[in-house]
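Working notes, structure below.
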Amino acid sequence: MSAPSGFRVFPARLDLGAQQALLATVMDRIVAAPLARYQTPGGRAMSVAMTSLGALGWVSDRRGYRYDSAHPATGRPWPPIPKALLELWADLADPQVPPDACLVNLYRGSARMGLHQDRDEADLIFPVLSISLGDTAIFRIGGLRRSDPAASVRLASGDVCILSGDARLAFHGVDRILAGSSRLIPGGGRLNLTLRRAAPP
């Protein structure tokens with residue numbers, strides 16, 4: 001099974017120095033927006049710790065999945081998206097319309113992400129840009145139905161991938177993390193940064 005058209009991987013798009021600088025910036029900013037394991041609408045805690053950067057942040061609780069302008073625990077606005085990520089979006093995704101949301105997902109231990117579609121954004125014409133830092137992830141991407149065949153792709157630290165065109169609404173997820181495959185993140189794990197345009201342009 002090959003990945004759908006519109007899914008592209010840019011291996012080692014960020015070198016080690018860029019990875020270290022980006023990690024330091026992100027970790028500094030999320031002090032003001034602590035990572036948390038959100039609840040699904042069904043009341044189950046996610047295995048991935050999450051927060052956001054930008055004007056809007058993705059949240060989940062018993063009321064459902066949505067974007068919000070404030071951190072659910074602190075009530076404060078989300079920290080701004082780092083300049084390096086804005087430049088990456090302009091280079092690979094859309095030079096005219098900037099992202100307004102960056103989801104920050106920390107995978108450790110047995111954390112995973114089941115197959116899902118990214119469809120909470122106002123205009124699905126804009127791509128989703130994903131940056132991997134830390135341990136390698138076994139990423140799975142299929143078609144427009146959850147039951148469609150899926151391809152597995154290894155995403156290592158510094159890799160960037162984009163879901164656009166036919167792949168924009170493809171079901172995708174993270175099957176597992178290869179613990180110890182990177183020394184970038186103190187304490188281990190994988191940090192995934194996902195840039196989106198959530199509000200209308």
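Looking at region 50-72, is at least one residue open to solvent by 10 Å² or more (accessible area, probe 1.4 Å), outside any loop (DSSP other than H, G, I, E, B) and touching a helix residue (DSSP H, G or I) at 6+ places or on another chain (Cβ under 7 Å)? No - not one qualifying residue is present in region 50-72.
Is it fair to say Val97 is over 14 Å from the mean Cα position of the chain (by Cα) and among the β-branched types (Val, Ile, Thr)? Criteria met by Val97.
Here are some residues: Glu121, Glu87. Which one is open to solvent by less than 50 Å² (accessible area, probe 1.4 Å) and at pLDDT 95 or above? The unique qualifying residue is Glu121. If the condition is being aliphatic (A, V, I, L, M) and farther than 29 Å from Pro186 by Cα, then region 110-134 contributes Ala122, Leu124, Ile125.
Restricting Ser147, Ser157 to residues that are modelled with pLDDT under 95, on the phi < 0 side of the Ramachandran plot and small (Gly, Ala, Ser) narrows the list to Ser147.
Residue-level check: of (1) open to solvent by 40 Å² or more (accessible area, probe 1.4 Å); (2) farther than 23 Å from Pro186 by Cβ; (3) out of contact with any strand residue (DSSP E or B) (no Cβ under 8 Å at 6 or more places or on another chain), Val9 misses just (3).
Within region 113-154, the set of residues being assigned to a loop (DSSP other than H, G, I, E, B) and either of a type in the set (Phe, Trp, Tyr) or under 13 Å from the mean Cα position of the chain (by Cα) (or both) comprises Gln117, Asp118, Phe126, Pro127.
The values are calculated or read from the model by the stated rules, or taken from the named source; none is laboratory data. Source: prediction; values computed, not measured. Counting neighbours? That spans all protein chains shown, and the Cβs are built from the backbone with ideal geometry, glycine included. With ligands, DNA and RNA removed, areas are computed over all heavy atoms of the protein, side chains included. Shrake-Rupley method; radii C 1.70, N 1.55, O 1.52, S 1.80 Å.
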